[in-house]
1. For the chain, report the accessible area per residue in Å² (1.4 Å probe, heavy atoms, rounded to an integer).
2. Counting only protein chains, not ligands or nucleic acids, how are Tyr44, Tyr146 ordered by accessible area (probe 1.4 Å), most first?
3. Whenever you get a sec, compute what percent of the accessible area on the chain sits on carbon and sulfur atoms (1.4 Å probe).
4. What angle do you read, to the nearest 10 degrees and between 0 and 90, between the alpha-carbon axis of helix 2-37 and the longest principal axis of the chain?
5. I want to check a number: in the chain, how many lysine pairs have alpha carbons closer than 23 Å, given a sequence separation of 8 or more or different chains?
6. Rounded to the nearest 10 degrees, what's the angle between the helix 160-173 long axis and the longest principal axis of the chain, both from Cα atoms, 0 to 90?
7. Using DSSP, restrict attention to beta bridges with both residues in the chain and report what percent are antiparallel, rounded to the nearest 5.
8. Around Arg233, which amide H atoms from residues at least 5 apart in sequence, or from another chain, sit under 5 Å from its own amide H, with H modelled in the peptide plane?
Amino acid sequence: YAKENGRNNCKFFEQDMNARAVQRQSIEASLRRALERQEFVLHYQPKINLQSGTIVGVEALIRWQHPERGLLAPAQFVSIAEDCGLILPIGRWVLREACLQGRAWQLAGLPPITVAVNTSALEFRAKDFLENVRATLADTCLEPRYLELELTESVLMRDAQSTDSMLHALADMGVKLAVDDFGTGYSSLSYLRQFPIDTLKIDQSFVTQISRNPDDATIVSAVIGMGKSLKKRVIAEGVETPEQYAFLLAQHCDEGQGDYFGRPVVAEAFATLLQTGVSLR
Ligand code: C2E
Ligand code: MG
Ligand code: MG
Ligand code: MG
């Protein structure tokens, strides 16, 4: 009976797997079309200097304006794009669009800020990545110091030797480098000495419970302290409340990003925000 049951479960599982595989395939096909039809858009979220309250940077976050399903978040398509390799052309588009936009804001007379772009492992490991970054900066006339690449620990730890030379080549070019979701991945702290990293982005999951969970508060304080001693900029992700802001300010965290300061918005809305500044209640 148990065996029979198990076999049934297995069958259901298989059907489920098939359904999912079919769904993935159809997403893959529509991702390809989306590139041609230019259905991707970038939303922009401010990064705030906690002391002064001014916007010092912006993170570009991809969205997919799907013709039938509406605006899709990265969680709904980025990992599929990574699996099928489409993240390479998508990533190129993101980089170019973000650099163009950063330059456009400067040309419009807005205060110069750093534009951050998320970089997947596949992109970072691609043979032409460095050359693509160089060419994109040259084409868009954005000074390298205004571009920041956000890399996760898993990207950094994959192959220390090649990571090291790639990071140094980017840093020599003048591009800024940040560790995204810091504290959630597998990593060795020794890489912080070795790699030319400018910024640590403390993951949202530690920030969320800052005011309620003493352990999270301790971890956040420790990361800020360590970052400072290593002369890195430290930014907290996912800041949502005045309490979290107050805590981070008291701990001398350099920057903050999150809904409390501003949600990701389209380029035009971000330009307005850049002009008026964020209002901290
Ligand atoms: P991430 O790089 O860690 O980006 C931060 C995510 O947290 C964003 O989600 C942002 O909208 C969200 N967030 C910011 N502030 C708050 C807050 O106060 N509360 C909450 N609950 N969430 C907040 P999003 O835009 O859905 O992006 C998710 C992830 O997708 C990103 O995480 C990044 O890993 C990836 N991603 C986004 N854009 C790109 C891209 O252009 N290329 C690649 N390869 N990955 C991307
Ligand atoms: Mg990021
Ligand atoms: Mg992050
Ligand atoms: Mg995150």
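1. Roughly 51 Å² per residue, with all protein chains present.
2. Tyr146, Tyr44
3. Ligands and nucleic acids excluded, carbon and sulfur reach 52 percent.
4. The helix 2-37 is inclined about 50 degrees to the chain.
5. 14
6. 40
7. Bridges in the chain are about 40 percent antiparallel.
8. Result for Arg233 returns Thr199, Leu200.
The values are calculated or read from the model by the stated rules, or taken from the named source; none is laboratory data. Computed from a prediction, not measured in an experiment: that's the story for all the values here. Here the Cβ is made from the backbone with ideal geometry for all residues, glycine too, and neighbour counts use every protein chain on show. Accessible surface areas use protein heavy atoms only, side chains included; no ligands, DNA or RNA. Shrake-Rupley method; radii C 1.70, N 1.55, O 1.52, S 1.80 Å.
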